[in-house]
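Participant: Have a look at this one before I ask anything.
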Amino acid sequence: MNKHVILTGDRPTGKLHIGHYIGSLRSRVAMQNSGDYDSFIMIADQQALTDNARDPEKIRKSLVEVALDYLAVGIDPQKSTIFVQSQIPALAELNLYYLNLVTVSRLERNPTVKAEIQQKNFERSIPAGFFTYPVSQTADITAFKADTVPVGDDQEPMIEQAREIVRSFNSIYGQEVLVEPQGIFPPKGSGRLPGLDGNAKMSKSLNNAIYLSDDADTLRKKVMSMYTDPNHIHVEDPGKVEGNTVFTYLDVFAPDQAHVAELKQQYRAGGLGDVKLKRYLNEVLEGVLGPIREKRAEYAKDIPAVYDILKKGSQYANEVADQTLREVRAAIGVNYFD
Ligand code: TRP
């Protein structure tokens, strides 16, 4: 039986944080290690440029940070292909053919793109490349004939759009050339980790993130500053567990959930102080992030070796994507000289 194929990736606009870890990195590593998949993990520098065209230096710098984050969490270049979007010319050509298979009004209805346009205050000055990035994302996925795309919940509309483009391509050009992808989303409830301030989203722009690369001291300071229950003032006051970010994190990260249940009971009753609770969370997070941080530091000692991993991955990715492009060209009939 043919293996399943995974394609997924991240925009290099900064370092990755523990929200990325919970949302998708963790499951990518598990899927990689299961041996059931050919995994392609892409650093989407061209997609990052769609709304950062004037700041290419940010993308260039972030590229290696994201690569280090991948390696640190256990994406293993022996088992997965880690590559860079801009180094795969076939993707741009596939994008060009697919752009003809979507309408402007369909693109306008993509809820994630809509939300981003609002959030970035583009109003009428939306870069055309940004507006059409779901199509380019379809090129990324289909170039590798990926059937499985593990991503965060916000990416669901992209997968839907990719499926539509694939169906339309296969029906118009009369061949089963492209594979319809399936999204794999985080289990309900563990979908999104809130920020340190209790905001629903952890993000760099909100300045409320814990990065995989944070040192132990930074981690501790961030944990000690976390949002809890604003009415829990004295140790002996009864406190709220729901909406208390410290408990949300403990639910996700603590290996000893029976202990977390005890702490919740105590917190609700009164008598458990925030400082003590946060010290425990810090210990728990240190247990997860300590080994990641160490591995990251190890790889960071030899940056040329990291670029070499990306280069080798990109070479292999090019072979695979070029093969798909040949099939696509033949299906459309623009292979005049074959
Ligand atoms: N849009 C994704 C993000 O913002 C990155 C990405 C680009 C991607 N191409 C992809 C994800 C293809 C999955 C499949 O994180």
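The numbers here are math on the coordinates, done by the rules we state, and not lab data. Worth saying up front: this structure is predicted, and the values here are computed from it rather than measured. Backbone-built Cβ (ideal geometry, glycine too); neighbour counts: all protein chains shown.
Participant: Are there GluC sites (Glu not before Pro) in the range 92-136 that DSSP marks as loop and that have at most 16 other Cβ atoms within 10 Å, and which are they? Don't skip to the end; give the middle numbers.
Facilitator: Details: sites: E93, E108, E116, E123; in loops: E123.
Loop-located and lightly packed - E123.
Participant: Something else: Among T103, T324, T218, which one shows the highest mean-square fluctuation when the chain is modelled as a Gaussian network with alpha-carbon springs under 10 Å?
Facilitator: T103
Participant: Starting from the amide H of V84, placed 1.01 Å from N in the peptide plane, find each other amide H under 5 Å away whose residue is 5 or more places distant or on another chain.
Facilitator: HN-HN under 5 Å from V84: I43, S314.
Participant: Using only Cα atoms, locate the centre of the range 1-20 and the centre of the range 58-83, then give the distance between them in Å, rounded to an integer.
Facilitator: Centre-to-centre (Cα) distance: 9 Å.
Participant: Please work out the ratio of the alpha-carbon Rg of the range 107-245 to 2.2 N^0.38 Å and round it to two decimals.
Facilitator: Details: Rg = 20.5 Å, N = 139, 2.2 N^0.38 = 14.3 Å.
Compared with the compact-globule rule of thumb, the range 107-245 sits at 1.43.
Participant: Let me have the 222 nm mean residue ellipticity of the chain computed from DSSP H runs of 4+ only, each contributing -39500 (n - 2.57), with the sum over all residues rounded to the nearest 500.
Facilitator: Values: 14 runs with 177 residues, N = 338.
My calculation for the chain gives -16500 deg cm²/dmol from helical runs alone.
Participant: Can you tell me the orientation of helix 56-73 relative to the chain, as the angle in degrees between its alpha-carbon axis and the longest Cα principal axis, to the nearest 10?
Facilitator: 70
Participant: To the nearest 10 degrees, how steeply does helix 274-300 sit against the main Cα axis of the chain, on a 0 to 90 scale?
Facilitator: 40
Participant: Could you check how many percent of all C-alpha pairs in the chain are farther apart than 36 Å? Let's see the in-between values first.
Facilitator: Working: 14913 of 56953 pairs.
For the chain, the fraction of Cα-Cα distances above 36 Å is 26 percent.
Participant: Still on this structure, please answer the following. Please list log₁₀ I(q)/I(0) at q = 0.12, 0.30 Å⁻¹ for the range 12-72, using the Debye equation with identical point scatterers on the alpha-carbon positions.
Facilitator: -0.34, -1.23
Participant: If you don't mind, another one. Compare G271, G287, G183 in a GNM of the chain, Cα atoms joined below 10 Å, and give the one with the largest fluctuation.
Facilitator: Among G271, G287, G183, the largest GNM mean-square fluctuation belongs to G271.
Participant: List every residue whose amide H lies under 5 Å from the amide H of V149, counting only residues 5 or more places away in sequence or on a different chain, with H placed 1.01 Å from N in the peptide plane.
Facilitator: Amide H to amide H, under 5 Å and 5 or more residues apart or across chains, V149 pairs with Q182, G183, I184.
Participant: Can you run phi through the Karplus equation (6.51, -1.76, 1.60; θ = phi - 60°) for the range 319-333 and list ³J(HN,Hα) in whole Hz, with x for Gly and Pro?
Facilitator: 4, 5, 5, 5, 4, 4, 4, 4, 5, 5, 4, 5, 5, 6, x
Participant: Same structure, new question: Connecting C-alpha atoms closer than 10 Å in a GNM of the chain, tell me which of Y173, Y37, Y299 has the biggest fluctuation.
Facilitator: Greatest mean-square fluctuation among the candidates belongs to Y173.
Participant: Same structure, new question: What distance in nm separates the simple spin-label points at A216 and F122, each placed 7 Å from Cα in the Cβ direction?
Facilitator: 4.4
Participant: Any chance you could check the Cα centroid distance between the range 243-266 and the range 199-225 for me, in angstrom?
Facilitator: 19
Participant: Calculate one ³J(HN,Hα) per residue across the range 157-167 by plugging θ = phi - 60° into the Karplus curve 6.51 cos²θ - 1.76 cosθ + 1.60, and present them in order as whole Hz with x for glycine and proline.
Facilitator: x, 5, 5, 4, 5, 4, 4, 5, 5, 4, 4
Participant: How compact and how long is the range 215-338, expressed as Rg and Dmax of its alpha-carbon atoms in Å?
Facilitator: 25.1, 81
Participant: Could you work out the local net charge near D322, counting Lys and Arg as +1, Asp and Glu as -1, over the other residues with Cβ closer than 11 Å to its Cβ? Each step should come with its number before you reach the end.
Facilitator: Numbers: positive: R326, R329; negative: E93, E319, E327.
That works out to -1.
Participant: Normalized C-alpha radius of gyration of the range 11-117, against 2.2 N^0.38 Å? Spell out each step's value before the answer.
Facilitator: Working: Rg = 15.6 Å, N = 107, 2.2 N^0.38 = 13.0 Å.
So the range 11-117 has a normalised radius of gyration of 1.20.
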